1. Kindly put 166, 59 in sequence by how many other C-beta atoms sit within 10 Å of each C-beta, fewest to most.
2. Taking R0 as 35 Å, what FRET efficiency do you get between residue 175 and residue 87 from their Cβ-Cβ distance, rounded to the nearest 0.05?
3. Using only Cα atoms, find the angle between the long axis of helix 162-185 and the longest principal axis of the chain, and express it within 0 to 90 degrees, rounded to the nearest 10.
4. Using 1/(1 + (r/R0)^6) with R0 = 25 angstrom and r between the beta carbons of residue 151 and residue 97, what's the FRET efficiency to the nearest 0.05?
5. Considering the chain as a Gaussian network with a 10 Å cut-off on Cα pairs, which listed residue, 93, 189, 23, attains the greatest mean-square fluctuation?
6. By count of other Cβ within 10 Å, fewest leading, how are 190, 17 ordered?
7. Could you check the simple spin-label distance between residue 108 and residue 184, using points 7 Å along Cα→Cβ, in nm with one decimal?
8. Over the chain, with a Gaussian network built from C-alpha contacts below 10 Å, which listed residue (12, 168, 27) shows the highest mean-square fluctuation?
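Read the figures in this text as sums done on the coordinates, not as results from a lab. Just so you know, these numbers come straight off a predicted model, no measurement behind them. Here the Cβ positions follow ideal geometry from the backbone for every residue, glycine too, while neighbour counts run over all protein chains shown.
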C-alpha cells in the first residue's frame with residue numbers, strides 16, 4: 001500500500017499543478033471590473049435563477065446554494081418548488097458551448113417575461129453570448145498549458161478534458177463571486193453558517 005501511495009504522489013501533484021496553471025491562465029484574462037459589475041447585478045435583484053445542463057448543472061446548483069448562504073434568494077432551474085420567475089429577476093445561464101438548445105430556449109423564455117440574463121460560456125461567438133444582457137467569457141483552456149497528467153481522461157488533443165477544465169473554472173469563478181458578495185453585504189462566517197441547512 002505504501003508503494004502504491006508513493007507512486008500516486010507525483011501524479012497527484014502534477015494534476016494539482018495542471019489545474020492551477022490552467023485556472024491562473026484563464027482568469028488572467030477576466031477583468032475584475034466585469035466581476036464587480038456581475039456582483040452588482042446579482043445583489044440588486046429580488047430573485048436569481050441558475051441554469052446549467054449536464055456537467056454545468058452541477059455547478060449551477062453549487063452557485064445557487066452559495067448565493068442562499070450569503071442571504072440572497074437563488075433557485076436552480078428545474079427544481080419543482082421554485083416560485084415563478086418574474087420581470088426584473090436575474091436568470092444566470094451556464095453553458096460551455098453557449099449553444100445548448102435547452103439553455104437557449106429557457107433564456108429566451110426568461111427574456112420574454114422581462115428577466116435579465118447573465119450568460120457564462122467559453123464561446124464568445126455563441127448564441128448565448130448574443131442574446132444575454134450581460135455576458136462573461138470564461139475559457140476552458142489556457143494557452144500554453146500542457147495536460148500531461150490530466151490527459152489520462154482525454155484524447156491526444158485533450159478535447160475530452162474540456163468539460164472538466166470548464167467545470168473547475170466555474171468552481172473558482174463562483175466562489176470568487178460569492179466571497180465578493182459576502183464582503184459587499186457585510187456577511188460574516190457566523191451569518192453564512194447560520195444559513196446552512198441543518199437536516200443532515
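1. On the way: 166 25, 59 21.
Fewest-to-most Cβ neighbours within 10 Å comes out as 59, 166.
2. Numbers: r = 30 Å, r/R0 = 0.85.
The pair residue 175/residue 87 has a calculated efficiency of 0.70.
3. 50 degrees
4. The pair residue 151/residue 97 has a calculated efficiency of 0.75.
5. Top of the fluctuation ranking is 189.
6. Fewest-to-most ranking of 190, 17: 190, 17.
7. Going by the 7 Å Cα→Cβ label model, 3.1 nm.
8. 12
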